[in-house]
Ligand SMILES: NC(=O)c1ccc[n+]([C@@H]2O[C@H](COP(=O)([O-])OP(=O)(O)OC[C@H]3O[C@@H](n4cnc5c(N)ncnc54)[C@H](OP(=O)(O)O)[C@@H]3O)[C@@H](O)[C@H]2O)c1
């Protein structure tokens, strides 16, 4: 670890887009970095630039998080490197085609990365954070976690999983000094769109944010202590009202008898 380091941040999907901007911003905030993705050349180039510009220690782990052995290597890093204080679960892929017109093997690949890898990396990181009494996880979900009708449904479902897991962990880790933030970006200008099957030029520019603005806003949300950050949402009160409505359901979601409207013929 370098002098005056705030600890090490491990960022998945750091070779491009949102993950590469997190790497830049966290290095400038004083974190050493471990950058994870498949494309080693891109990771090396970013590591070299960030070391030159910030003086931070930047390590690179080339890994396909859809591959069990590679994923296991990254899990081991999280379990054994006690300098790690932050995990940014960012690696993910999307799809834009309608659900039933999509290749089921591609859907499974997406679930494996967006859900399985994120879950295993979280499980690898949390025990150390709890033991050391400090740590943060930033989970990159998406607005489709709460608006699954807007894109491919398996993608939306995978991001709803990320939001649900985050909400649950926030409760479980509340008294452990371990923070977990869910970030719900709207459309962001990255390679994501081309890879997901809709070139960025075909997305209306008025709904597309730059990756730089998206990450700066989500880190501002983190600094404000937000549990869920929606960088585009003008009024935080709208999210709070949504959350209040959800909480209002809680005491009535499990009873010994069906609701009156279902007790036909009584
Ligand atoms: N862009 C948007 O509009 C948007 C909106 C909401 C949420 N998000 C979410 O933001 C996150 C980052 O996406 P992005 O927009 O920055 O897209 P991106 O530029 O395509 O970045 C995706 C990153 O994930 C890595 N990755 C992909 N498959 C991987 C695998 N099997 N193993 C390891 N790394 C893998 C990629 O690197 P390699 O190819 O080198 O492996 C890349 O670094 C994703 O979780 C995405 O769902 C994006």
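Observations, loosely collected:
- Three-way shape label, the range 224-266, alpha-carbon gyration tensor, a/c 1.5: prolate
- Percentage relative contact order, the chain, counting C-alpha pairs under 8 Å, at least six apart: 16 percent
- Three-way shape label, the range 6-64, alpha-carbon gyration tensor, a/c 1.5: prolate
- Modelled spin labels at residue 52 and residue 213, positioned 7 Å past Cα toward Cβ, are 2.9 nm from each other.
- Estimated FRET transfer efficiency (residue 25, residue 224; beta-carbon r; R0 22 Å; 0.05): 0.90
- Shape call, the range 8-236: gyration tensor on alpha carbons, a/c limit 1.5: rounded
- Highest-first packing order for the peptide set 150-156, 62-68, 199-205 is 150-156, 62-68, 199-205, based on the mean count of other beta carbon atoms within 10 Å.
- For peptides 160-167, 180-187, sequence by mean Cβ density within 10 Å, most packed first: 180-187, 160-167
- Using alpha-carbon coordinates, inclination of helix 211-223 to the longest axis of the chain, degrees: 80 degrees
- Distance (nanometres) between label positions extended 7 Å along Cα→Cβ at residue 241 and residue 195: 3.6 nm
- Mean-position separation - Cα centroids, the range 240-254 and the range 1-69, in angstrom: 39 Å
- If R0 equals 22 Å, the separation of the Cβ atoms of residue 40 and residue 69 corresponds to a calculated FRET efficiency of about 0.85.
- Relative to the longest principal axis of the Cα atoms of the chain, the long axis of helix 17-28 makes an angle of roughly 60 degrees.
Laboratory data are not the source of any read-out in this text; all were calculated from the coordinates shown. Note that the structure is a prediction, hence the values are computed from the model and not measured. Note that we place each Cβ from the backbone using ideal geometry, even for glycine, and neighbour counts take in every protein chain shown.
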